[in-house]
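A.B. asks: Starting off with a structure, shown below.
Just so you know, all these numbers are worked out from the coordinates, no wet-lab data involved. The shown structure was predicted, so the numbers you read here are calculated from the model rather than taken from an experiment. We place every Cβ from the backbone using ideal geometry, glycine too, and count neighbours over all the protein chains shown.
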């Protein structure tokens, strides 16, 4: 190492008032609330550090290859070149992390007045156009997903079937599955209710349909055998085949649950499935499950299904209309169990439809609400 050359470069940087990109990145990371795991989620700090300094596509090494060592010399053209570089090598979701890290870095150095103008103020990736309709999974693809049992042994097969039911039939979030404990499972008549912690750490009760309830009971048997064979005790419902290296827990993580769905789609492709599987994601599975419940509600004598279905899927009304929320479990039970009246209504039996109309007696006519100017 040429120490004299390094010292000379450092002195020249101090004299010119310039700061290296690596130094600016480290100062930026130290300024974050989560640095050294303080006050904030450390994943954000690690993501910024990886994108700026550690990753093979990191911003610091790229600028060095462009013969730029100091952050004051970076131009908007160089930033656009870096954006094109990560977009060519990475998927758009991962590239978004790099672009966000660079934008936050330049916002920080602008506050320090190391640069006079924030050249990365509008440094973003082009947003994809929003689709006008909610995407759902093709019914034929849904049948293919449930036609086979996915896994290397009976435990993983029953577990993966239950995960599919949670996503595709009950519309759960990936982050909700790892938090389910045995104490969160309770019977409701001949079905089961699971209390899950959803978005924004809000708890909600999800009633399982008969198919999911059967999958849960079959998995519970294999789960008990698996824990007995391993000789461990774990209160988490969804378990992994192998323990984690950090804490030895068998509880499956959110990434592991999402990986199950990805692995199933790959297995379908290997089996020669010609249908498009790009929509087979937990988010679109959730839309599919909720859409199926709305479709089922059209043939059921349930008043105000909008007060039951959103509550089941974690999108309850702001005020929640307390009088109706307490009936959510009862309405969900009717929606899931159905009955002969539903089958007759689907077949176009006028007698069944007339029976359904009897539930609407006592409600005022539409012309009773002319002042609202809405169709009720």
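A.B. asks: Compare the peptides 181-192, 212-223 by average per-residue count of other Cβ atoms within 10 angstrom and give them in order, highest first.
C.D. replies: Output ranking for 181-192, 212-223: 212-223, 181-192.
A.B. asks: May I pose another question? Based on the alpha-carbon gyration tensor of region 45-201 and its eigenvalue square roots a ≥ b ≥ c, which shape applies: rounded if a/c is under 1.5, prolate if not and a/b is larger than b/c, or oblate? Before the final figure, lay out each step's value.
C.D. replies: Values: a/c = 2.79, a/b = 2.45, b/c = 1.14.
Prolate.
A.B. asks: Another question, if that's okay. Give the shape of region 11-111 as rounded, prolate or oblate, defined through the alpha-carbon gyration tensor: a ≥ b ≥ c are the square roots of its eigenvalues, a/c under 1.5 means rounded, and otherwise the shape is prolate if a/b is larger than b/c and oblate if not.
C.D. replies: The shape class here is oblate.
A.B. asks: Order 169-180, 114-125 from most to least packed using the mean count of other Cβ atoms within 10 Å.
C.D. replies: For the peptides 169-180, 114-125, the packing ranking is 169-180, 114-125.
A.B. asks: Taking the beta-carbon count within 10 Å as an exposure proxy, list 49, 267 from fewest neighbours to most.
C.D. replies: The fewest-first ordering by Cβ neighbours comes to 267, 49.
A.B. asks: If you average the sequence gap of Cα pairs under 8 Å that are 6 or more apart and divide by the length of region 115-215, what percent do you get for the contact order?
C.D. replies: Relative contact order of region 115-215: 18 percent.
A.B. asks: Still on this model: How much length is gained on full extension from residue 195 to residue 117, taking 0.36 nm per residue of separation minus their Cα-Cα distance?
C.D. replies: Gain in length upon complete extension: 23.0 nm.
A.B. asks: How much length is gained on full extension from residue 94 to residue 18, taking 0.36 nm per residue of separation minus their Cα-Cα distance?
C.D. replies: Taking 0.36 nm per residue and subtracting the Cα distance, the gain is 24.3 nm.
A.B. asks: Subtract the Cα-Cα distance of residue 152 and residue 64 from 0.36 nm times their separation in residues, and report this length gain in nm to one decimal.
C.D. replies: 27.0 nm
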